[in-house]
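J.: Here's a structure for you.
Computed from the coordinates by the stated procedures, all read-outs in this text should not be read as laboratory data. Note that the structure is a prediction, hence the values are computed from the model and not measured. Here the Cβ is made from the backbone with ideal geometry for all residues, glycine too, and neighbour counts use every protein chain on show.
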Amino acid sequence: MDNSSLKYENTIIKIVTENWRLIKLFQKVTTKLDVSEQNRYINQLRYFQKTIENSLQDVDMKIVNLEGQIYDSGMAVSPMNIDEFDQEDSLVIDQVLEPLIMSNDGTIKKQGLVNLRKVKK
């Protein structure tokens, strides 16, 4: 990949990451609305998310949602709070702070940033 292509790819990744953050914030805000307004805005949000996903497909990338999955140290994420747990603890991804972005062939374009929690037994 030449320098110019890499620059455009990095720009797309930054824009997608910031849009992803905006979507998460917007989801929190909509919970404070009454149900009829909530549904209208949630539908608009879904359309916006779908548009981003389709645009990413056009450039051979996708956002991988890991929220709720069992954490494995080999995952392409950096856990912010890993030092809060013991090595033998079973952990799950509690919150995604920055999305994992991959190419459709599985190449990591951007590692995710996550918070973990202990799996309740």
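J.: Could you run the Karplus curve 6.51 cos²θ - 1.76 cosθ + 1.60 with θ = phi - 60° over segment 3-9 and give me ³J(HN,Hα) per residue in whole Hz, x for Gly and Pro?
T.: Coupling constants for segment 3-9: 4, 5, 5, 5, 4, 5, 4 Hz.
J.: Out of segment 1-62, which trypsin sites (Lys or Arg not before Pro) are coil in DSSP terms and have no more than 12 other C-beta atoms within 10 Å?
T.: The qualifying sites are Lys32.
J.: List Ser4, Ser78 from most exposed to least, where exposure is judged by having the fewest other Cβ atoms within 10 Å. Could the numbers behind the result be given before it?
T.: Values: Ser4 8, Ser78 12.
Exposure proxy ranking, most exposed first: Ser4, Ser78.
J.: Here is a follow-up. Can you list the HN-Hα couplings for segment 105-113, worked out from phi with the Karplus curve (6.51, -1.76, 1.60; θ = phi - 60°), rounded to whole Hz and with x for Gly and Pro?
T.: Going residue by residue, I get 8, x, 6, 6, 9, 8, 5, x, 10 Hz, with x marking Gly and Pro.
J.: Once the Cβ-Cβ distance between Thr51 and Asn81 is put in as r, and R0 is 35 Å, what FRET efficiency do you end up with, to the nearest 0.05?
T.: For R0 = 35 Å, the calculated efficiency reads 0.60.
J.: Taking the Cα-to-Cβ direction at Gln69 and at Ser103 and moving 7 Å from each Cα, how far apart do the two end points lie in nm?
T.: 1.9 nm
J.: Just subtract the alpha-carbon distance of Leu25 and Ser4 from 0.36 nm times their residue separation and send over the number in nm, one decimal.
T.: Values: separation 21, 0.36 × 21 = 7.56 nm, distance 3.19 nm.
Length gained between Leu25 and Ser4: 4.4 nm.
J.: Could you pull out the GluC sites (Glu not before Pro) across segment 45-112 that fall in loop regions by DSSP (anything but H, G, I, E, B) with no more than 15 other Cβ atoms inside 10 Å?
T.: Listed in order of number, the matching sites are Glu67, Glu88.
J.: If you plug each phi of segment 14-29 into the Karplus form 6.51 cos²θ - 1.76 cosθ + 1.60 with θ = phi - 60°, what whole-Hz ³J(HN,Hα) values come out, in order, with x for Gly and Pro?
T.: Using θ = phi - 60°, the values come out as 5, 5, 5, 4, 5, 5, 4, 4, 4, 4, 4, 5, 4, 4, 5, 5 Hz.
J.: Sticking with this structure for a sec: Number of Lys pairs in the chain with C-alpha atoms less than 13 angstrom apart, excluding same-chain neighbours closer than eight positions?
T.: 6
J.: Over the chain, what is the percentage of antiparallel beta bridges among all DSSP beta bridges, to the nearest 5?
T.: Numbers: 13 of 16 bridges.
Around 80 percent of the beta bridges assigned by DSSP in the chain are antiparallel ones.
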